[in-house]
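In what follows, a structure is listed as structure tokens, so that the remarks can point back to it.
The values are calculated or read from the model by the stated rules, or taken from the named source; none is laboratory data. Every value quoted in this text rests on a predicted model; they were computed, and no experiment measured them. So basically every Cβ, Gly included, is an ideal-geometry build from the backbone, and we count neighbours across all protein chains shown. Areas reflect the complete protein model, heavy atoms only, side chains present, ligands, DNA and RNA absent. Shrake-Rupley method; radii C 1.70, N 1.55, O 1.52, S 1.80 Å.
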Amino acid sequence: MALELTSDAIHPNQALPTRFSCEGERVSPPLAWKGAPRETAAFVLIVDDPDAPRGTFTHWVLYNLPGDATYLEENIPQVPRLGNGALQGQNDFGGSGYGAPCPPDGDAPHHYRFTLYALDTKLPLGAGATKKQVLDAMRTHVLDQAQIVGTYQRKGRV
């Protein structure tokens, strides 16, 4: 079975509910997965927007999730280290944790890629790593990956 990423809140290639955006509560959506390889030691989650005006914009970098994890609940705290030992990296808003989608007014819908990677090891990084640092560290350790994409378009001014 291949790794599969799902969400009760994100339907593939459909609009994200407003509560997960800058026009709503700015909370992270719930995610669940199954089918991870038996050798999985850790997971990495990266959320980014390839439609951003200045190039791909990183909304969330979460790494060293325990290898036996199967979900993330809604509204993960924006702290460097979670209770389960997972670490949060730096998003392109300049903080850690989930940065809610907030595309420019008037833009066509942006696509938000939630990509989960199963790794054969934990990454030797401290909290606050950038997406590039995480991708570089995991380069030879990816066992499988899964992705779900949601869209978002601003409804008004924030």
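Overview of results
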| read-out | value |
| --- | --- |
| Residues satisfying the stated conditions in the stretch 60-89, i.e. closer than 20 Å to Met138 by Cα and assigned to a strand (DSSP E or B) | Trp60, Val61, Leu62, Tyr63, Asn64, Leu65, Pro66, Arg81, Leu87, Gln88 |
| Residue within the stretch 31-49 that is open to solvent by less than 20 Å² (accessible area, probe 1.4 Å), of a type outside the set (A, V, I, L, M), farther than 15 Å from Leu116 by Cβ and modelled with pLDDT of 95 or more present | yes |
| Criterion (farther than 24 Å from Arg154 by Cα, in contact with a Lys or Arg (Cβ under 6 Å, 6 or more places away or on another chain) and small (Gly, Ala, Ser)) met by exactly one of Ala42, Ala32 | Ala42 |
| Answer from Gly83, Gly55, Gly97 - the residue that is in contact (Cβ under 8 Å) with a residue 60 or more places away in the chain and either surrounded by fewer than 16 Cβ atoms within 10 Å (Cβ to Cβ) or over 17 Å from Ser7 (Cβ atoms) (or both) | Gly97 |
| Conditions (1) surrounded by fewer than 16 Cβ atoms within 10 Å (Cβ to Cβ); (2) within 18 Å of His141 (Cβ to Cβ); (3) in contact (Cβ under 8 Å) with a residue 40 or more places away in the chain; number of the one not met by Glu4 | (2) |
| Unmet requirement for Gly106, which otherwise passes all of (1) open to solvent by less than 50 Å² (accessible area, probe 1.4 Å); (2) at positive phi | (1) |
| Residue satisfying all of: in the stretch 112-158; of a type in the set (Val, Ile, Thr) and within 17 Å of Ala69 (Cβ to Cβ); surrounded by the fewest Cβ atoms within 10 Å (Cβ to Cβ) among these | Val142 |
| Of all residues making up the stretch 1-40, the number that are farther than 17 Å from Pro66 by Cβ, under 14 Å from the mean Cα position of the chain (by Cα) and not in a loop (DSSP other than H, G, I, E, B) | 2 |
